[in-house]
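Have a look at the structure below before the remarks.
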Amino acid sequence: MRPTARASEHPADFVGGLAAQSAAIVVAAGSGERLGAGRPKAFVALAGRPMVAWSLDAVAAAGIPRAVVAVPPGHGAVAEEALSGAADAFPLGLVLVEGGATRSASVRNALAAAGEVEAVTVHDAARPLVAAELFTATLSALADADAAIAAARVTDTVKEAGPDGLVVHTHDRSRLWAIQTPQAFRAGVLRRALDVGDDVLARATDDAWLVERAGGRVRVVESSPANFKVTTPHDLALAESLLC
Ligand code: CTP
Ligand code: MG
């Protein structure tokens, strides 16, 4: 089924105040293997606070009234304790749900707790330097798209090589984007896109791909490399130096 929005999903004021009619999903259920901190990455201390708390600050500052955080199975109590101070910033609630085996499964679990909203924005807890304005810019870009995703222009030349290491193609850099989060969706579009088998979910490296493969309109919204993902100890040290 083509996940375009139905007429009822296009009220005249869809864009005006859309943040207020949306919910944020913050995926924080990964184990952080590559960081190797001995605990789930989203709950590692970053500039004195659990990493996920920085993203929740930006979500609240964008005027999004409800947030659902997918947390690692078995770490519910730790997560609740870590986020107890953040609840007051969300007038329609800060909800914790158990994440899934893959990132998209975590998104699907969280979406079930998002409530009746016009739009949903999905963000990685591993991008703690996100600006509040990026949430509002991606939500606004839903005016003519099913999904609107933060993306940075690619600055390196990108070549494609075969298994033998020989270059077969040099891509046109002006058309290439490095995809980040937040990714904003019309809520019905994301629900339908996630209604697929676990094998398809496991292949999704981002949620927008699930919308693309179903024929939806996905728009990029220019972001900057400053919204990088903390993956390695080097990234954590860089984020720490930028936040202190
Ligand atoms: N994530 C999630 N549920 C999963 C896997 C990942 O909620 N089953 C979240 C992570 O918590 C993170 C985001 O998706 O905020 C991006 O994933 P990634 O950077 O790969 O984080 P981890 O999976 O934790 O790290 P690693 O791959 O190194 O184990
Ligand atoms: Mg991962």
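Since every read-out is calculated from the coordinates, none of them should be taken as a lab result. Everything numeric here is computed off the predicted structure, so don't read it as measured data. Neighbour counts run over all protein chains shown; Cβ positions are idealised from the backbone, glycine included.
Which whole-number percent gives the relative contact order of the chain, counting Cα pairs below 8 Å spaced six or more residues apart? Mind dumping the intermediate values first?
Numbers: 492 pairs, mean separation 61.5, N = 244.
Once divided by the residue count of the chain, the mean separation gives 25 percent.
Which order do 157, 121 fall in if you start with the one that has the fewest other Cβ atoms within 10 Å?
Numbers: 157 9, 121 32.
Neighbour counts put them in this order, fewest first: 157, 121.
Tell me the relative contact order for the stretch 100-244 as a rounded percent, counting alpha carbon contacts under 8 Å between residues six or more apart.
Numbers: 213 pairs, mean separation 51.1, N = 145.
It comes to 35 percent, rounded to a whole number.
Given 37 °C and 0.692 mPa s, compute D for the chain with the Stokes-Einstein relation, Rh being the Kirkwood radius over Cα pairs; round to the nearest whole µm²/s.
Numbers: Rh = 18.4 Å.
Answer from the Stokes-Einstein relation: 178 µm²/s.
Kirkwood hydrodynamic radius of the stretch 63-171 from all distinct Cα pairs, in Å? The partial results should precede the final answer.
Numbers: mean 1/r = 0.0595 Å⁻¹.
About 16.8 Å, per the Kirkwood formula over Cα pairs.
Given bins 10 angstrom wide, list per bin the percent of all Cα-Cα distances in the stretch 14-95, short to long.
Reading the bins upward from 0: 18, 49, 25, 8, 0.
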